[in-house]
Structures are given as C-alpha cells and as structure tokens.
Amino acid sequence: MKVLIGSTPEDVAALAADSVLEGFERYVDNRPPVIGLATGSSPLGLYGQLAELVKAGKLDFSQATGFALDEYVGLPATHEQSYRQTLIREVCQVLGLPEENLHVPLGAADKLRTLETAAGHYDEAIAAAGGVDVQILGIGSNGHIGFNEPGTSLRSRTHLTRLTARTRNDNARFFGSPDQVPTHSVTQGLGTMLEARRLVLVATGRVKAEAIAAAIEGPLAASCPASVLQLHQDAVLVVDEAAATNLQHREYYDASAQALTF
Ligand code: GLP
C-alpha cells in the first residue's frame, strides 16, 4: 500500500492522475485500457487531470472500456442522479470514453430476481473484458467503498445491498432530502475490486479523516470496508492534509514517497 499526501485538493488530483497513468503504463501493453470508475465529488479533480493527460496525448480513452463501481436501485437509467448519467457527464464526456463502452450495474428492473442475476453477470463482464487495469475509488465517511457498507464481507462479489442512514444523509445533497435517496444499490463487491490490477483511492477533507485512518492503519475488518485495501498488491491512497489528520505513521509515508536513490 502506498500513501501519498498532497497539500491541497489540487495536489491530490495531480498525484492521483500520475498514479493512474503509471498504472496504465505498468499493466497495459498495446491494447485499450480498462478503467474502473467511481462517482462522488472526490475523483472530480482527478478526472479533470486525466482530461489534461488526454489532451497532451499521454492517455487515450477512445477505445477504452469503463466499469462503474455501483448504481442506485430504483432510479431509471435516464435519471440525472443515476450513476450511469453521472458517469456519462463527468467521465465519458470529459475523457472521450465512448458511452457504449461504459458498463454500469443494472439498477432498474421490474423484478428483484432480474437485478440479482444481472449483478452476477457484472463480474463475468469484467472478467470477459480482461479485468480492470486501474480502479478509481472514493471513500464514504463511514469507510465504505463503492456501496459496500460496514459489515460487508471482505470477499463479496457484485451484489444488491441496502444503504445506511449515514450514506443516504451524505448523498442527500444530490437529491434534495435524505428520503429521496434510494434505499438500495447494486455495487461491485470488495472481492471484485481486489481483482483490479491497481487501485487508486482519493480522499479529501476532515470529514474523511477517521475513515482514512481506519482504512490504512486500522485492523483489517468489515467494520471499515476500505481496510480491505491492505490486502491489495498495488493500492495507492492519495489524500490531502485534512484527510491525513489522524494518520499515526506520517513520517514513514512521507519518506516512502521520496524517490529511491543509491
Ligand atoms: C458514494 C459512492 C462512493 C463514493 C462515496 C464518497 O456513496 N457510492 O463510490 O466514494 O459516495 O463520495 P464523495 O467523494 O462525494 O465524498
């Protein structure tokens, strides 16, 4: 696990973009990349920086495939707050990733069984695309990643899940009031995410400080779903000073971020 601490949200976006680029350089050879996409405010600066790399000719998403982390249950796919529409606006149109190459878990169907079957097929679609090269992640204030709320199995696969009251409150800003936030979602599981070749998690602000400390330095435990990143072979966590507030091993992270010289 690599921990990078930026002074400002802008530094975080730039450091995270470098980590994404490095991931593609490391894992993608002469084929279009497969990117895992997160919604939320945290990765917006990162997407802006990736757009700059596209303009500079260092990245090309014109033939890339994207897999969303999650989707609300019950919103029509055309709803402006559905994660499909959010990712079309915030990622496809910004990075030039074709909408037809964007996969999002099915969140709208007449029958529960249809959603559960589609969730099972989502992992198969990721495998059929060759796996995710770089997965971008945010983190909820309660330590959730995707919509894997505290208590989720660390080996879970893409599944239908209930949202906690805290998450619905946190996301109420997009809907007007907490009651308008859907009660359920379909999310990639923690086991699904662990299969991505590189994970790049972005967090900014004091509101994320407890979750970040628990994810990086707390016990590996379902009570902080993001702590599962401790098991990943190539996870990079990029945070600002405010989100780093509660970290105990700051000296080690700062020293480790320096280039190795002999
Ligand atoms: C939602 C998403 C997560 C995201 C989290 C944090 O719950 N499902 O993928 O990481 O919000 O959002 P924000 O970055 O806006 O704080």
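The values are calculated or read from the model by the stated rules, or taken from the named source; none is laboratory data. Everything numeric here is computed off the predicted structure, so don't read it as measured data. Note that we place each Cβ from the backbone using ideal geometry, even for glycine, and neighbour counts take in every protein chain shown. SASA here: full protein model, heavy atoms, side chains in, ligands and nucleic acids out. Shrake-Rupley method; radii C 1.70, N 1.55, O 1.52, S 1.80 Å.
Rolling a 1.4 Å probe across the protein heavy atoms gives the chain an accessible surface of 45 Å² per residue. Rolling a 1.4 Å probe over the protein chains gives LYS111 an accessible area of about 140 Å².
Can you send over the carbon and sulfur percentage of the accessible area for the range 23-127, probe radius 1.4 Å, protein chains only? Intermediate values should be presented prior to the final figure.
Details: 2440 of 5090 Å².
So the carbon and sulfur contribution to the accessible surface is 48 percent.
Straight-line reach from LYS2: which lysines have Cα under 26 Å away, leaving out those fewer than 8 places along the same chain? Filter leaves LYS58, LYS208. Using Cα-only point scatterers and the Debye equation, what is log10 of I(q)/I(0) for the range 1-97 at each q in 0.24 Å⁻¹, rounded to two decimals? Summing over Cα pairs of the range 1-97 leads to -1.34. Within the chain, antiparallel bridges make up roughly 25 percent of the DSSP beta bridges whose residues both belong there.
Which percent, to the nearest 5, of DSSP beta bridges fully inside the range 86-207 are antiparallel? Write down the numbers at each step before the final one.
Values: 5 of 9 bridges.
Roughly 55 percent of the DSSP beta bridges within the range 86-207 come out antiparallel.
Could you check which residue among LEU95, LEU190, LEU21 shows the biggest mean-square fluctuation in a GNM of the chain with a 10 Å Cα cutoff? The residue with the greatest mean-square fluctuation here is LEU21.
Charged neighbours of GLY48, selected by a Cβ distance under 10 Å, balance to -3 (K, R count +1; D, E count -1).
With the helix formula -39500 (n - 2.57) applied to DSSP H stretches of n ≥ 4, the chain reaches a computed 222 nm mean residue ellipticity of -9000 deg cm²/dmol. Here the relative contact order of the range 22-256, from alpha carbon pairs under 8 Å that lie six or more residues apart, stands at 20 percent. Using θ = phi - 60° in the Karplus curve 6.51 cos²θ - 1.76 cosθ + 1.60, the 3J(HN,Hα) couplings for the range 234-240 round to 8, 9, 10, 10, 10, 9, 8 Hz; x is entered for Gly and Pro.
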